[in-house]
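Everything on this sheet refers to the single structure shown next.
Bear in mind that the values in this text are calculations on the coordinates, not laboratory data. These numbers come from a predicted model, not from an experiment. Note that we place each Cβ from the backbone using ideal geometry, even for glycine, and neighbour counts take in every protein chain shown.
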Amino acid sequence: MIGTRLRATGRAARRLLDAIDRFQEGHAWLAFPVAVVRKFGGDQGGSLAALIAYYGFLSMMPLLLAFAAILGFVLDGHPSLQSHVLDAVNRDLPGLSGLLTGAVSGSQVALGVGLAGALWAGLGVTLATERAMNAVWDIPYAERPRPWWSRLRGLLMLVILGLAFLVSAALASLQGVTGGLAIPAAVLGIAGSLALNTVLYLLAFQVLTNQRLTWRTLLPGALVGAVGWTVLQSLGVLYVQHEVVHASRLYSSLAGVIGLMAWLYLGARLTLYAAEVNVVLADHLWPRSLAGGMRTDADRRAFIRQVRETRRTADEVISVDFTRRDPPVERRPGGGPHAPKRD
């Protein structure tokens with residue numbers, strides 16, 4: 001009796017899931033985000049984001065040490081400008097400006113140690129991000145760049161990030177404008193941050209992906225990432241202002257570290273989701289089935305991409321064949337089914 005009820009419950013659950021699946025496959029506004037989430041899971045995006053966040057956390061201290069030394073040299077005797085730059089740090093990297101407030105100096109030893117450590121740890125971040133971008137685009141291992149070329153790409157990305165941080169500091173200074181220009185300055189600062197984040201995402205997607213991509217292909221994901229990153233920055237600032245600042249000295253340090261790790265991980269996940277948006281749009285990898293399997297043509301093409309990604313040598317040939325008697329049917333959003341393409 002119990003077994004019969006369990007089987008009946010299972011059949012009912014499968015029918016419900018199948019009905020939900022058919023509904024989302026027929027509506028583009030729902031099918032597209034489902035496809036992005038499926039692609040993210042298939043690429044093990046959570047593990048890739050954790051690796052990026054890990055290297056990002058390791059790079060914080062040497063980067064702060066080098067930044068404090070450079071700030072002490074360049075802005076010696078200009079406390080107001082130092083304050084504006086620290087405001088930019090607090091906005092871009094929530095919770096770190098407190099560490100820098102008492103550490104700004106022009107020590108040559110600190111500068112040397114900080115630059116060496118920042119270079120080593122920063123390359124770890126860029127290499128981890130490059131591996132993630134190549135995985136998102138399902139680039140075969142045989143076609144991925146050599147280690148020396150990967151490091152050159154990483155150095156280029158570090159230079160771009162350093163220049164972007166200077167621009168971000170200039171935009172942060174607009175928040176201190178008062179009087180009749182306060183509102184226009186604030187609007188310009190927000191718009192400038194969005195534009196800067198969009199450009200950064202475009203450059204990161206282009207530089208760290210070993211495939212020739214058009215800017216138009218990268219723009220949708222860059223816009224998604226820029227908006228999401230701006231929101232994430234605002235949430236990080238709110239967290240610092242309402243939780244970390246009002247906590248005790250011990251708990252504020254712990255809350256700052258935990259908050260920073262969580263913030264880096266969320267930022268890495270956001271970046272990979274933004275990259276997945278570009279892939280799903282460019283290769284039309286939707287609609288996808290919620291239940292898994294090869295239900296739609298997009299499911300088959302996504303699976304073939306993942307299998308071909310494992311190609312290790314240039315002379316290796318990988319073929320994929322599906323033995324199902326009845327080929328799956330692709331459901332066009334808003335339209336009826338049609339026959340799948342041959343792969």
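Overview of results
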quantity	calculated
For region 255-306: relative contact order, % (alpha-carbon pairs under 8 angstrom, 6 or more apart)	20 percent
Most to least packed among 121-132, 256-267, 209-220 [average Cβ atoms within 10 Å]	121-132, 256-267, 209-220
